[in-house]
Ligand code: FDA
């Protein structure tokens with residue numbers, strides 16, 4: 001195949017890739033973005049871009065014959081998952097032995113499927129986890145810049161108190177308060193004015209129609225509407241979809257060649273392209289970026305990469321749990337899919353936990369309070385290259401999730417004791433009250449200051465930068481995309497200062 005050339009190449013179009021693309025484009029540098037997923041801008045025959053959560057079709061998941069939603073069952077019935085036709089759908093579940101990792105696929109990466117919560121981490125914890133990222137610059141410059149450019153906004157407290165759509169949050173808040181636990185509002189990128197109009201019936205419903213993990217048809221400020229739209233607006237950025245980067249090798253005299261497979265909507269490889277570039281920005285997410293670097297190091301194309309590549313991986317202490325409420329404590333048939341409140345026990349030195357109050361919008365009263373607890377544990381996993389499959393393995397044992405579950409249990413045992421409530425055992429399969437075998441927040445594998453310099457420049461590969469969640473060593477204590485965006489902004493400032501054009 002003919003080798004194409006581009007001055008700057010970005011792999012992946014999630015948070016890290018979108019920031020890189022915008023800042024390169026603004027600097028006047030012609031940039032190509034390779035994204036393995038699809039561009040989500042065309043309506044299907046049903047008039048929708050994304051499929052409904054309650055009736056998932058081929059658009060829901062990445063090349064599957066059946067959906068694999070996080071809540072496997074409800075009242076022990078397999079009512080949630082549906083048979084589908086394989087297609088480059090928007091949500092993927094990457095399965096390893098003791099851990100499944102949910103990721104978004106498509107132009108916009110995780111922003112297409114996530115809950116939109118844009119949380120600034122505690123400064124102390126941030127400084128402890130990422131000692132190489134100067135906290136002053138992050139909190140004074142990069143977090144504010146990330147919030148602004150992502151379009152972060154907050155729910156109107158008066159509306160929150162009065163709307164039936166957040167009754168589930170208010171019930172959980174009351175139970176937390178009774179336990180002596182504080183709750184805090186969580187900012188979001190979902191447009192709350194739009195949501196209010198959804199409630200009033202003057203805007204098409206998305207968050208109020210159960211949409212989230214398979215994409216939002218309205219209301220959410222996903223990256224394709226913020227960073228990536230601005231990047232394309234510079235006139236210097238091109239996005240190539242259904243292109244999966246596979247291999248990296250250096251060019252004699254500087255620069256790199258990336259080998260990418262172009263797939264069709266059946267998943268078949270229809271072409272293999274070689275694209276050369278002067279600088280390379282890796283933003284394929286924690287798993288994708290780490291895989292590319294491990295393969296390059298261990299197959300010998302980039303033999304000088306750090307021994308730290310693959311280490312420092314973690315699921316951000318994610319644990320899901322559900323409580324059964326008393327019959328008089330109804331959570332409401334109507335629930336918005338965008339969480340806006342968290343139980344905030346981060347300052348508790350014995351058991352710091354941030355537990356977002358998650359919706360479970362089934363259209364029926366079910367008396368369930370659902371939570372995604374973000375716990376802090378020192379447990380970390382390792383990703384290694386597996387030559388036999390040419391893929392990666394995650395070394396993470398069920399034992400490594402136990403400390404997180406114990407932490408979530410300590411918090412919610414208190415809530416249950418104080419409110420005389422119990423856990424639900426029918427939500428996650430296997431009669432379990434806690435789901436600690438999947439994560440929405442994969443982090444690490446190319447940790448800032450270890451596998452890279454203090455900004456994200458990859459050690460042993462001059463001109464290669466990492467700008468995504470692979471930089472964060474396994475835990476950040478809150479939902480991670482704001483941190484990833486801010487770190488990417490900081491990396492791009494540095495990359496462009498070192499080499500302006
Ligand atoms: P991200 O995964 O966003 O982007 C990587 C991109 O690279 C993807 O588009 C992928 O297709 C592409 N790619 C991968 N390998 C490639 C290859 N080899 N070649 C080409 N392209 C490749 N966080 C938060 O802060 N608040 C929240 O409310 C939520 N909620 C939430 C819900 C759900 C269901 C999920 C799955 C996740 C969340 N998250 C979240 C997590 C958040 O979405 C996540 O942390 C970020 O998307 C990670 O950003 P990155 O830039 O690291 O990668």
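Structure summary
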{"item": "Residues 164, 489, 356 arranged by fewest to most Cβ contacts within 10 Å", "result": "164, 489, 356"}
{"item": "Estimated 222 nm signal from helices in the chain, with DSSP H stretches of n ≥ 4 weighted -39500 (n - 2.57), rounded to 500", "result": "-7000 deg cm²/dmol"}
{"item": "Cα-based shape type of the chain, given that a ≥ b ≥ c are square roots of the gyration tensor eigenvalues and the cut on a/c is 1.5", "result": "prolate"}
{"item": "FRET efficiency, residue 266 to residue 299 (Cβ-Cβ, R0 30 Å, nearest 0.05)", "result": "0.60"}
{"item": "For 63, 354, order by how many other beta-carbon atoms lie within 10 Å, fewest first", "result": "63, 354"}
{"item": "Principal-axis tilt of helix 481-498 within the chain, Cα atoms, nearest 10 degrees", "result": "20"}
{"item": "Length released on extending from residue 431 to residue 417, taking residue separation times 0.36 nm less the Cα-Cα span", "result": "3.0 nm"}
{"item": "Counting DSSP beta bridges with both ends in the chain, the antiparallel % (nearest 5)", "result": "75"}
{"item": "The range 376-431: Cα Rg divided by the 2.2 N^0.38 Å rule of thumb", "result": "1.67"}
{"item": "Per-selection metrics, the range 1-59 (Cα): Rg and Dmax in Å", "result": "16.0, 45"}
{"item": "Rounded to 10°, Cα long-axis angle of helix 15-26 versus longest principal axis of the chain", "result": "50"}
{"item": "Residue exposure sequence - 427, 71, 112 - by fewest surrounding Cβ within 10 Å", "result": "71, 427, 112"}
{"item": "Cα long-axis angle, helix 167-178 against the chain (0 to 90 degrees, to the nearest 10)", "result": "70"}
{"item": "Added length on full extension, which subtracts the Cα-Cα distance from 0.36 nm per residue, residue 123 to residue 158", "result": "9.7 nm"}
{"item": "Shape category assigned to the range 212-274 from the gyration tensor of Cα positions, a/c cut at 1.5", "result": "oblate"}
{"item": "Distance from the range 450-491 to the range 34-92 (C-alpha centre basis), Å", "result": "30"}
{"item": "Extension gain from residue 4 to residue 330, taking 0.36 nm per residue of separation minus the Cα-Cα distance", "result": "111.4 nm"}
{"item": "Sequence-separation-based contact order of the chain, relative, with Cα cut under 8 Å and 6+ spacing, percent", "result": "23"}
{"item": "Solution diffusion estimate, µm²/s, Stokes-Einstein, the range 31-131, Kirkwood Rh from C-alpha pairs, 4 °C, viscosity 1.567 mPa s", "result": "82"}
{"item": "Whole-number Å³ per residue for the convex hull built on Cα positions in the range 88-153", "result": "137"}
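Laboratory data are not the source of any read-out in this text; all were calculated from the coordinates shown. Not measured: the values here are computed from a predicted model. Here the Cβ is made from the backbone with ideal geometry for all residues, glycine too, and neighbour counts use every protein chain on show.
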